[in-house]
Amino acid sequence: MAHRAIFITGTDTGVGKTVVAAGLALALRKRGIDVGVMKPAATGCRPKRGKPASEDVEYLVGACDCEDERDLVCPYLLREPLAPEVAARREGVRIDVGRIVRSFNELRRRHEVLIVEGAGGLFVPVRKGYFMLDLIEAIRTPVIIVARPALGTINHTLLTVEVARARKLDVAGIIINDYPARPSVAERTNPDMIRRYATTRLLGILPHCRGVSVERNTYNGLLAAFEKRVDVPRILNRLKEKRR
Ligand SMILES: Nc1ncnc2c1ncn2[C@@H]1O[C@H](COP(=O)(O)OP(=O)(O)OP(=O)(O)O)[C@@H](O)[C@H]1O
Ligand SMILES: [Mg+2]
């Protein structure tokens with residue numbers, strides 16, 4: 001498979017984009033595929049040995065075991081836990097979309113599959129007047145939408161799919177993440193509602209995995225759960241399809 005990329009977005013921040021991206025990286029690597037990762041802009045980075053470091057970036061890099069330079073994997077590491085545009089402005093950083101796209105192209109050239117994790121959802125501003133949505137449009141990758149299982153997710157998921165479609169993004173499907181062992185009525189009924197109304201495929205429902213944590217950098221049980229609950233062959237097929 002030659003140099004394909006997929007973008008992991010979410011209905012919101014904190015829905016599990018990093019966990020899903022890492023699970024996909026592990027599942028592809030298990031199939032012998034060389035995987036790279038990218039996070040165009042990370043916010044909420046804490047200083048580590050004097051430099052800002054991102055838990056998301058470390059988790060993604062750990063899952064794909066790649067050796068790419070951190071400033072290619074994540075061109076913008078910003079301190080405050082805010083939308084990139086706001087965090088950058090408050091830090092006096094100018095976000096150059098061209099630099100993000102160049103990093104993307106370089107990483108895509110290096111790997112068979114490049115998994116890109118967005119920040120927040122589609123309408124998160126990356127820089128003035130430029131949203132995550134615009135970045136996906138520029139790099140032209142298929143998109144997986146990560147959604148939460150709880151009450152409110154039907155609306156958030158349908159809104160996200162609708163906006164993606166309106167902008168002619170290639171929606172590969174939805175993954176509901178962090179599904180609890182004892183679901184509420186909303187959580188039990190939401191997957192079917194999303195299947196019925198979302199006009200795109202539900203690729204899987206990833207359960208809550210006790211051994212998984214981005215903050216603690218642990219992956220226990222992630223690959224097994226991903227293989228069992230997510231339609232990896234379908235994602236692979238989508239990656240193999242000719243670029244439009
Ligand atoms: N399936 C899961 N099992 C266990 N913990 C999970 C699972 N999915 C997510 N989490 C935990 O929930 C939190 C949010 O997940 P994650 O960091 O992947 O979200 P995100 O969408 O990437 O957030 P952000 O917008 O900050 O990038 C993390 O603490 C993560 O470890
Ligand atoms: Mg994340």
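The values are calculated or read from the model by the stated rules, or taken from the named source; none is laboratory data. These numbers were taken from a predicted model, which means no experiment stands behind them. Every residue, glycine among them, receives a Cβ derived from its backbone with ideal geometry; neighbour counts consider all protein chains shown. Note: accessible area is taken over every heavy atom of the protein model, side chains too, but ligands, DNA and RNA are not part of it. Shrake-Rupley method; radii C 1.70, N 1.55, O 1.52, S 1.80 Å.
In region 158-213, Cα pairs under 8 Å separated by at least six residues give a relative contact order of 47 percent. Over all other residues within a Cβ to Cβ distance under 11 Å of Leu26, the charged ones net out to +1, with Lys and Arg as +1 and Asp and Glu as -1.
Please label the shape of region 22-135 as rounded, prolate or oblate, based on the square roots a ≥ b ≥ c of the eigenvalues of the alpha-carbon gyration tensor (a/c under 1.5 means rounded; beyond that, a/b larger than b/c means prolate, else oblate). Judged from the Cα gyration tensor, region 22-135 comes out prolate (a/c at least 1.5, a/b above b/c).
Contact order for region 4-236, expressed relative to its length and based on alpha carbon pairs under 8 Å spaced 6+ residues apart, stands at 24 percent. Listed cross-link partners Lys39/Lys128; Lys17/Lys39; Lys17/Lys128; Lys30/Lys240; Lys168/Lys228; Lys17/Lys228 are compared with a 22 Å cut-off, the Cα-Cα value being larger for Lys17/Lys128; Lys168/Lys228. Look at where the Cα atoms of region 190-244 and of region 10-87 average out, and the two centres are 18 Å apart. Between Val101 and Arg210, the modelled labels are 4.8 nm apart [label points 7 Å from Cα along Cα→Cβ]. Annotation: the antiparallel percentage among DSSP beta bridges lying fully within the chain is about 25.
Using a Förster distance of 41 Å, how high is the FRET efficiency between Glu112 and Thr13, based on the Cβ-Cβ distance and rounded to 0.05? Calculated transfer efficiency: 0.90. The HN-Hα couplings worked out from phi for region 163-171 by the Karplus form 6.51 cos²θ - 1.76 cosθ + 1.60 (θ = phi - 60°) are 5, 4, 5, 4, 8, 6, 6, 8, 7 Hz, whole numbers, x standing for Gly and Pro. With all protein chains kept in place, the per residue accessible area of the chain amounts to 49 square angstrom at a probe of 1.4 angstrom.
Highest GNM mean-square fluctuation among Gly50, Gly16, Gly118, for the chain modelled with Cα contacts below 10 Å: Gly50. By the gyration tensor of its Cα atoms, with a ≥ b ≥ c the square roots of the eigenvalues, what is the shape of the chain: rounded for a/c under 1.5, prolate for a/b over b/c, or oblate? Since a/c stays below 1.5, the shape of the chain is classed as rounded. Here the calculated FRET efficiency for Glu91 and Asp231, from their Cβ-Cβ distance with R0 = 30 Å, stands at 0.15, rounded to the nearest 0.05.
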